Amino acid sequence: MSAISSNIVFLVDVSGSMNNANKLPLLKNAMELLVDNLDEKDRVSIVTYASGTNVVIEGVPGSEHRTIMRAFNGLKAGGGTNGEGGIQLAYKIAEENFIDGGNNRVILATDGDFNIGCSDENSLRDLISEKKDSKVFLSVFGFGMGNYSDTTMETLADSGNGNYAYI
């Protein structure tokens with residue numbers, strides 16, 4: 001029996017608040033462990049958000065470890081936090097790279113600070129609840145300390161039929 005292929009879109013908060021050692025740099029280190037376990041059947045995309053949104057890589061085979069890690073290591077923090085825009089773009093990319101019968105997932109890595117676009121927890125929850133009908137699910141990894149919004153991140157993961165962890 002073979003492993004299920006994954007279509008993973010990493011949605012990475014690269015706003016100014018992620019510029020601490022226990023946030024974006026910690027995320028980059030953690031990704032090395034995960035990326036080493038991907039293979040050619042998996043697809044990886046990276047979407048970032050700060051004051052705007054950006055597709056860093058899209059649909060790269062999981063076996064291209066160097067390409068994926070180069071993309072992660074090139075991320076820099078700065079700017080505002082357009083979480084809603086990032087969520088919309090990440091789901092669009094996930095749906096475009098959908099793997100039938102696979103694990104189709106957006107993985108949000110953030111400190112939970114949303115201050116551009118829709119930042120209302122109820123509106124974000126509703127948006128993510130609608131998106132799970134596409135069979136793309138959301139998992140949330142929280143990073144850092146201070147302005148971290150634990151309840152918001154857990155609510156988003158629950159709404160997206162995913163899981164939540166604080167790192």
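The values are calculated or read from the model by the stated rules, or taken from the named source; none is laboratory data. Everything numeric in this text was worked out from a predicted model, so none of it was measured. Here the Cβ is made from the backbone with ideal geometry for all residues, glycine too, and neighbour counts use every protein chain on show. SASA here: full protein model, heavy atoms, side chains in, ligands and nucleic acids out. Shrake-Rupley method; radii C 1.70, N 1.55, O 1.52, S 1.80 Å.
Leaving out ligands and nucleic acids, note down the accessible area per residue over the chain with a 1.4 angstrom probe, in whole Å².
On a per-residue basis, the chain sits at 45 Å².
Which percent of the accessible area of the stretch 1-105 is formed by carbon and sulfur heavy atoms (probe 1.4 angstrom)?
48
For the stretch 48-62, what does the Karplus curve 6.51 cos²θ - 1.76 cosθ + 1.60, with θ = phi - 60°, yield as ³J(HN,Hα) per residue in whole Hz, taken in order and with x for Gly and Pro?
So the J values, rounded to whole Hz, are 10, 9, 8, 5, x, 10, 7, 9, 7, 9, 9, x, 6, x, x.
Would you calculate a helix-derived [θ] at 222 nm for the chain, using -39,500 (n - 2.57) for each DSSP H run of n ≥ 4 and dividing by the full residue count, to the nearest 500? If you can, show how the numbers build up before the last one.
Values: 5 runs with 56 residues, N = 167.
It comes out at -10000 deg cm²/dmol, rounded to the nearest 500.
Hey, can you grab everything whose amide H is under 5 Å from the amide H of residue 9? Only 5+ residues off in sequence or another chain; H modelled, so Pro and N-termini drop out.
Those qualifying (amide H under 5 Å, at least 5 residues apart or on another chain) are 45, 105, 106, 107.
What is the dipole size for the chain, taken about its Cα centre, with +1 at each Lys and Arg Cβ and -1 at each Asp and Glu Cβ, in debye to the nearest 20? Walk me through the numbers before you get to the answer.
Numbers: 13 positive and 22 negative charges, 82 e Å.
Computed charge dipole of the chain: roughly 400 debye.
Using the structure shown, select from 28/92; 41/135; 41/76; 23/135 the pairs with a Cα to Cα distance greater than 27 angstrom.
41/76; 23/135
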